[in-house]
Amino acid sequence: MRRVLGSLLTVVISFCLVAGFSPVPTAKAENIKVGAILAVTGGASFLGGPEARTLEMMVEEINANGGVNGNKLELIIKDSGGNPEKAISFAKQLIEEDKVFAIIGPSTSGETMKIKNIAEEAQMILLSCAAAEVIVNPVAKYVFKTPQKDSDAVKKIYGTMKDLGISKIAVLTGNTGFGNAGKGQLENIAPEFGIEILASEVYDKQATDLSAIVAKLMANKDIQAVVNWSIVPAQGILAKNMRQAGWDVPLFQSHGFGNIKYVEAGGAAAEGIIFPAGRLLVAYSLPDDNPQKTLLVKYKVDYETKYPEDKVSTFGGHAYDALTILVAGIEQAGLDKEKVRDAIENLKELPGTAGIFNFSPEDHNGLDINSFEMLTVKDGKFAIYSK
Amino acid sequence: MTPELFIQYLFAGITYGIIYAIVAIGFNIIYNTTGIINFAQGEFVMLGGMIAITMNAFMPMTLAIMVAVLITMVVGALIEMVFIRWLESPSVLRMIIITIGISILAREVALHIWGESVRALPYFIGNEVTSVSILGARISPQVLWVIGVCSLMVAGLSLFFKFTSLGREMRACAANRRAATLCGINTKNMVTLSFVLSAGIGAVAGCVMSPITYSDYSMGPNLAIKGFTVAILGGLGNSLAAVAAGLLLGIIEAFSVSVLPLAFQDAIATAILLLILFIRPHGLFGSSEAASLKEF
Amino acid sequence: MDLLKRYIPVLFLLGLVIGIQLMTHFTGTGYYLTQLTMSAYYSVVVIGLCVLMGYGGQISLGHAGFFAIGGYLAGALTTHNLMPFKDYGLITFLDRTGMLVASKDLYGGDLLTVEPWAACITAVLAAGIIAFTIGGPVLKLKGHYLAMATLGFGIIIYRIGLATQYFGEADGISEVPGFKLLPGIEVSGSFGARVLNYYIAWAVVIVAVILLLNLIHSRVGRALRSIHGAEEAANAMGVNTSRYKLYIFVLSAVFAALAGVLVTHYNGGIGPSEAGVMKSVRYVAIVAVGGMANIWGALIMGIVLNFLSLRGVFGSYDDAVFGIILIVIMLFAPQGILKINPWQQVKSFFSVLAAERGEDTADS
Amino acid sequence: MALLEIQNLNRRFGGLKAVNNVSFNVEQGSIKAVIGPNGAGKTTLFNLIAGNLPANSGKIYFNHAQINGQKPYQIAKQGISRTYQNIKLFHGMTALENVMLGRHIRSRAGFIAGMLNLPWTWPEEKEIRDKAQEYLNLLGVAECADTEISNLSFGQQRGVEFARALATEPTLLLLDEPAAGLNIYETAEIGRLITKIKESGITVLLVEHDMSLVMDISDEIVVLSFGEKIAEDLPHNIQQNEEVIRIYLGDEDA
């Protein structure tokens, strides 16, 4: 029996190897292959999940409408699970084997930084959905990113604080790359706005209770406001723990709060949270002459119709922007990668979910502080904040 | 430290401590009847919470929780019957690997059913901002729910093991499996029952804690490690000691934020685990003599 | 004769390695070599763990931790710029001894970093020393306790990586330079060096396999296997069981760390996921599928499963696949599906060619 | 001075005194038997001598050196080898490999040498193999050399375990019920073998239930009952010792 099993296995393995090495059937020539490396599962799946769904939805729609310049898009999504080593493997695979036109993603900064050099070497357009500023600073020729700059979010928050007369704050950050980068920016920019950080704490991305730390911070009566910087569920937990403890100083969140589910999870405690975000979350409340409005409403309606289980979030929006930018580049420059890259670098006034993109050779992010709007939570919904 | 701060820390510690204790008791129940550490124990807690949240959309919360607990118990029974029951004296290594596999599988199934998003049951009383004042500290009533329900479960379990014939049979099975078989106890059914029981208490804990901590597909392993630390700390198999150890760990974690950066809070349990394994593997409350008689 | 029998499968492997490279060369599918190279390095961890689990009888759910110690230290040392500290005595000393290299970064800045060789040795030594230190108390434990202690060790390494600025916290370390083993031979992930790196990786695997094969067929290897068979009796035969367990633990940790160093240079970076619990569980799963005491089985499964996983064949079911493998193998084939020496399988296919009746080799 | 001296040895398990203040000597070149009803503490005594259990108090001298408190492998290196009542062989290894393990303390190739397969280890390895084969021949189980241990019959396993113990070239051999489970012919064979071992200069201490074997081959007998030594004498004296007769009559296991 065992012998038979063993032989069988040998056969299966040989088959796998042979099958694995047979050349991949080439797709029809006019298709544009777009690779995407996203953390659909694993610890960063709250990013990769909406991103993957958004891309699938968009490609379906673009192809239904005749494609880009008559060329159909072919989307290849690779689930990295948030693992850099897989992102590296997938990047090489997409570049050489699938010969994709461009790569969207990865979802996290750590992964993006690992494949930045690979994209440069292979002269492959990389449109990252990750936030860290090091991705585009220093600028790499082929690497772009769509989320707004942390530093702009910090400035927006500090600006609002100044208006409110707040100068002494506590900072809480998650121990993810996002939280870490935010912490750095918060500390660097504080003096510029005359703000003093009295306490700073880092919590685990899987933290489920922050009441102890809230109690500790609350004991410091000088703290006038709390800034929380993370992209994880703990954002809602912090709000609950603060309000339950009866601590009613203003709570500021980062632009990572841009998911209505966090508001739902925070319930009554989420009321009054102030945070900067792209305008996607308040699409309906925008004035009709806002250049982003049509696009934002359409994305929101489309997404929530196609995925009734899910609510639109800014994370999916980053993937939306990445593909929008790529499509705009191809529409302008055709199917020559170099020309598309140049076209993207020169895109101006392109509305996206995160803001209006204005790329330049020095700026591969293309967004400025005006892409942010200060939002707040009112009656369980996002609303534009006004003092 | 002000008295209010002290009370605040204390309650935070007790809340988590009692949850860890419930997970640890789940470990102990199965360990006692089978000698297996069920690495998938944390997944029972996850399943309880997630199913209750889904059910809550169709029915009142009390009913939803009851249904969730029942379903989780059935899942526990199924796991035992499909994966464990028919193995003839499997090695410890084999069981460790199988239960780890079950834990991964349960998590992945949950991911594909519920997706990656985080959910929560509504608060049993009031809402997210409701709080009651105890000795100057302000505590969410849900914390009292957690402490109350979990304490009741612990008390109920002790009574069950002490005074019901079923409970006594399970204890007999734990003490000496072969002897129990000779006395006409169906040890296989006792093992199934132990899985059902520990799945049940895990699910209840998963429901009551959900409003406070949220539920998502990946919450299991973290809880399992804390629970295991507590089980070892109390001495494997000793459920009352597990409660003490759970409270101890919870309170240490809560108070640690006043001296250590918050980032290290989760490392504390692991450090304690290693420390206790190195210097006193039979636990704080166990005796080494008794531990050495157990087979590993 | 015995020696020949031991090394024939190695030659066979060598032939296969060269054959695959030639095949990809002629079919224009050279891109497969990327994943084969990475899989080869991961397989070094797996065969080290295989000897620990199969021959030493000790489970380790923390081997990703050792891998990460190697990878993180090598990555951090060769990446972090020491230029700002160059006037400190220690740094000057290291610079004079040639342990540091000066270079320019991509954007023209001056870099002073640790020579990859020095970093590699430091990293592997560190892993060895850490394994030696914790091995004492850890290996006294058995069963669940041992599993949990190694798991705990892995978690702590993961936490350190995640909480330390020096190790890049959640983002890990990027832009790790290549590792010049010899002039003209560099471990690096650039597209041009792919064939070379494929051969480097497989050379490492083959050397590792030969060392382990020698070991398990030696006096010490016999002693190790006896520990797994009956520890008490092994002790009574004069085998210092705890010392041998410690040695094999350290050896497997060193293998893991070395693989970590090389993968980090090859990938140009490392992230915390390499230290994660799931990674350790995967290594155990692969060993379990290959058969606990079967280096060849572990090697084959290590290559096949890592190759498929790295190519994204399992999609979003990647972890689930490993979970299912663990359960199914442990339920139905606890000895592994490759319990039979694959070399014997090949022999039975070509039994006509086999001049004499094959005897059971010791590791089957 | 005797080869093995046991002085006031005590070992308790909880409240049970498994070995209670036992003292006796084993002379160089003799066969000494330890007998007694089940639960008399015989196997515990062996475990204490071999270092598998620590004694609560008392001393054990071997070759004038105190050995209690040492680890089993250290004691083994000084020349004490043993067999087990319930055979403990190394599963997953062949009979030959099992016996080769017996040569462990008589060889020295280490970790690095083994890993690099250094040439100087080759003759040593060959010697180990040859010697092991020799002991298998001696025990009459040469034909199972390449068979995995679990596939051997009970009798063959006993033989392999015996060969393994002898392969260490011990000064003192501890045999825990060597005849258990054997038929009368095999038992007689074992008896002859033990005598032969003694003639080759190895001292033997054995625990055995088979009285005919014990009376046949031992030079001296120690009787234990409930952990206490109740008699120590020549075989024919033991046969007439009233207390020994009483405990054995009271116990059908004898």
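The values are calculated or read from the model by the stated rules, or taken from the named source; none is laboratory data. Computed from a prediction, not measured in an experiment: that's the story for all the values here. Virtual Cβ from ideal backbone geometry, glycine too; neighbours counted across all protein chains shown. Each accessible area value is taken on the protein alone, full model and side chains, heavy atoms only, with ligands, DNA and RNA left out. Shrake-Rupley method; radii C 1.70, N 1.55, O 1.52, S 1.80 Å.
Given a 1.4 Å probe and the protein chains as shown, C:Thr164 ends up with an accessible area of around 40 Å².
Normalised Debye scattering of the protein assembly as shown at q = 0.05, 0.09 Å⁻¹ gives log10 I(q)/I(0) of -0.42, -1.21, counting only Cα atoms as equal scatterers and leaving out solvent. For region D:204-253 versus region B:105-139, the inter-centroid distance based on Cα atoms is 73 Å.
Looking at chain D, the pairs of alpha carbons with a distance over 22 Å make up 56% of the total. Give me the aspartates and glutamates in straight-line cross-link reach of A:Lys387: C-alpha distance below 12 Å, same-chain residues under 8 apart excluded. Counting by Cα, and skipping residues close in sequence, A:Lys387 has these aspartates and glutamates nearby: A:Asp163. Amide H contacts for A:Ser128 (H built 1.01 Å from N in the peptide plane; partners 5 or more residues away or on another chain; cut-off under 5 Å): A:Gly105, A:Phe144, A:Lys145, A:Thr146. Can you give me the Cα centroid spacing of region A:67-116 and region A:160-221 in angstrom? Between the Cα centres of region A:67-116 and region A:160-221 lies a distance of 34 Å.
The tail of the calculated P(r) for region A:265-387 beyond 18 Å holds 57 percent of all Cα-Cα pairs.
Shape verdict for region C:80-169, please, from the Cα gyration tensor: rounded (a/c under 1.5), prolate (a/b greater than b/c) or oblate. Because a/c hits 1.5 or more and a/b exceeds b/c, region C:80-169 counts as prolate. Rolling a 1.4 Å probe across all protein chains gives D:Asp216 an accessible area of roughly 130 Å².
Across chain C, Cα-Cα pairs farther apart than 26 Å form 52% of the total. Taking every DSSP bridge with both residues inside chain A, close to 30 percent are antiparallel. On the basis of the beta-carbon distance and an R0 of 30 Å, D:Lys71 and D:Glu134 show a calculated FRET efficiency of 0.55. Would you jot down the residues in region A:224-265 that end up with at least 40 Å² less accessible area in the complete protein assembly than in the chain alone, with a 1.4 Å probe? At a threshold of 40 Å² (probe 1.4 Å), the residues of region A:224-265 that become less exposed are A:Pro233, A:Lys240, A:Gln244, A:Lys261, A:Ala265. Under 5 Å from the amide H of B:Ile134 lie the amide H atoms of B:Ile139, each residue being 5 or more positions distant or on a separate chain, with H modelled from the backbone and absent for Pro and chain starts.
Among the GluC sites (Glu not before Pro) in region D:1-102, those located in a DSSP loop and surrounded by at most 16 other Cβ atoms within 10 Å of their own Cβ are D:Glu27. With all protein chains kept in place, the per residue accessible area of chain B amounts to 38 square angstrom at a probe of 1.4 angstrom. Here region B:3-293 exposes an accessible surface that is 70 percent carbon and sulfur, computed with a 1.4 Å probe and the other protein chains kept in place. Solvent-accessible surface, computed for protein heavy atoms with a probe of 1.4 Å, shrinks by 20 Å² or more for the following residues of region A:193-210 when the other protein chains are added to the isolated chain: A:Glu201, A:Val202, A:Asp204, A:Lys205, A:Gln206, A:Thr208, A:Asp209. The trypsin sites (Lys or Arg not before Pro) found in region D:93-124 that occupy coil by DSSP, while having at most 12 further C-beta atoms within 10 Å, are D:Arg108.
Proximity of backbone amide H atoms, modeled 1.01 Å from N, is registered between A:Ile76 and A:Val34, A:Gly35, A:Ala36 at under 5 Å, excluding neighbours fewer than 5 places apart on the same chain. Scanning chain C for chymotrypsin sites (Phe, Trp or Tyr not before Pro) in DSSP loops with at most 11 neighbouring Cβ atoms within 10 Å leaves C:108-349 as the longest stretch between them. Taking the longest Cα principal axis of chain A as reference, the axis of helix A:109-122 is set at about 40 degrees. Between the helical axis of D:184-199 and the dominant principal axis of chain D, each derived from Cα atoms, what acute angle in degrees is found, rounded to the nearest 10? Compared with the principal axis, the helix lies near 80 degrees. Summed over both chains, the contact between D and C buries some 2900 Å² of accessible surface at a probe radius of 1.4 Å. Buried between B and A is an accessible area of approximately 2700 Å², summed over both sides with a 1.4 Å probe. Based on every Cα atom in region A:125-174, Rg and the maximum pairwise Cα distance Dmax equal 14.7, 44 Å. For B:Leu249, C:Leu82, the ranking by accessible surface with the largest value first comes to C:Leu82, B:Leu249, using a 1.4 Å probe.
Summarising the label geometry, the points placed 7 Å from Cα in the beta-carbon direction at A:Trp247 and A:Ala199 lie 0.5 nm from one another.
Based on the alpha-carbon gyration tensor of region A:150-277 and its eigenvalue square roots a ≥ b ≥ c, which shape applies: rounded if a/c is under 1.5, prolate if not and a/b is larger than b/c, or oblate? It is rounded, given that a/c, with a ≥ b ≥ c, falls under 1.5. So what does the Cα-only Debye profile of region D:1-67 read at q = 0.28 Å⁻¹, as log10 I(q)/I(0), no solvent term? Values returned for q = 0.28 Å⁻¹ are -1.39.
Per residue in region C:230-245, which ones lose no less than 40 Å² of accessible surface when going from chain alone to all protein chains (1.4 Å probe)? Listed in order, they are C:Glu232, C:Ala233, C:Asn235, C:Ala236, C:Met237, C:Gly238, C:Asn240. Sorting B:Thr164, B:Thr181 by accessible area puts them as B:Thr181, B:Thr164; the probe is 1.4 Å, largest comes first, and only protein heavy atoms count. Could you tell me the calculated FRET efficiency between B:Leu70 and B:Val259, based on Cβ-Cβ distance and R0 = 25 angstrom, to the nearest 0.05? Computed FRET efficiency for B:Leu70 and B:Val259 comes out at 0.05. Buried surface for the C/A pair, taken as the accessible area of each chain alone minus that of the pair with a 1.4 Å probe, is close to 4200 Å² in total. Extent along the principal axes, Cα only, for region C:1-109: 58, 44, 30 Å, with the longest axis given first. Residues within the reach of a label modelled at C:Met23 (point 7 angstrom out along Cα to beta-carbon, backbone nitrogen below 18 Å), restricted to region C:278-306, are C:299-306. Quick one: longest stretch of chain A between exposed loop GluC sites (Glu not before Pro), exposed meaning at most 14 other C-beta atoms within 10 Å and loop per DSSP? In short, A:31-308.
Over 20 Å apart at the Cα level, from the set A:Lys240/A:Lys381; A:Lys149/A:Lys261; A:Lys78/A:Lys99; A:Lys114/A:Lys155; A:Lys145/A:Lys348; A:Lys116/A:Lys141, are A:Lys149/A:Lys261; A:Lys114/A:Lys155. What the pair-distance distribution of region D:134-254 shows, using all Cα-Cα distances binned every 10 Å from zero, is 11, 41, 31, 14, 3, 0 percent. What number, in nm² with one decimal, is the all-direction average of the projected area of the convex hull of the alpha-carbon atoms of region B:2-72? Seen from a random direction, the Cα hull of region B:2-72 projects 6.6 nm² on average. Scattering from region B:103-199 was approximated by placing one identical point on each alpha carbon and applying the Debye formula without solvent; log10 I(q)/I(0) at 0.15, 0.23, 0.25 1/Å stands at -0.87, -1.09, -1.18. Apolar share of the accessible surface for chain C: 68 percent from carbon plus sulfur atoms, 1.4 Å probe. If a spin label sat at a point 7 angstrom from the Cα of A:Asn290 along the line to its beta carbon, the backbone N atoms of region A:229-257 nearer than 20 Å would be those of A:253-257.
Computed over protein heavy atoms with a 1.4 angstrom probe, the accessible surface ordering of A:Ile37, C:Ile160, B:Ile268, largest first, is C:Ile160, B:Ile268, A:Ile37. Placing a label point 7 Å from the Cα of B:Leu152 along the Cα-to-Cβ direction, the residues of region B:115-130 with a backbone N closer than 20 Å are B:121-127. Once the Cβ-Cβ distance of A:Val297 and A:Gln123 is raised to the sixth power relative to R0 = 45 Å, the FRET efficiency obtained is 0.75. The Cα atoms of region C:240-337 give a gyration tensor whose axes a ≥ b ≥ c have a/c of 1.5 or more with a/b no greater than b/c, which makes the shape oblate. The figure for D:Glu169 is an accessible area of roughly 70 square angstrom, using a 1.4 Å probe on the protein chains alone. Taking the Kirkwood radius as Rh and the Cα radius of gyration as Rg, region A:336-378 has a ratio of Rg/Rh equal to 1.15. Rounded to the nearest angstrom and listed largest first, the equivalent-ellipsoid semi-axes of region B:3-293 from its Cα gyration tensor are 30, 23, 18.
In region D:85-169 the Cα-Cα distances spread across 10 Å bins starting at 0 as 19, 49, 26, 6 percent of all pairs.
Local charge for A:Ile223 was computed over the other residues whose Cβ lies under 14 Å away, with Lys and Arg +1 and Asp and Glu -1, and equals -1.
The C-alpha atoms of chain A occupy a region whose extents along the principal axes are 70, 61, 40 Å, arranged from largest to smallest.
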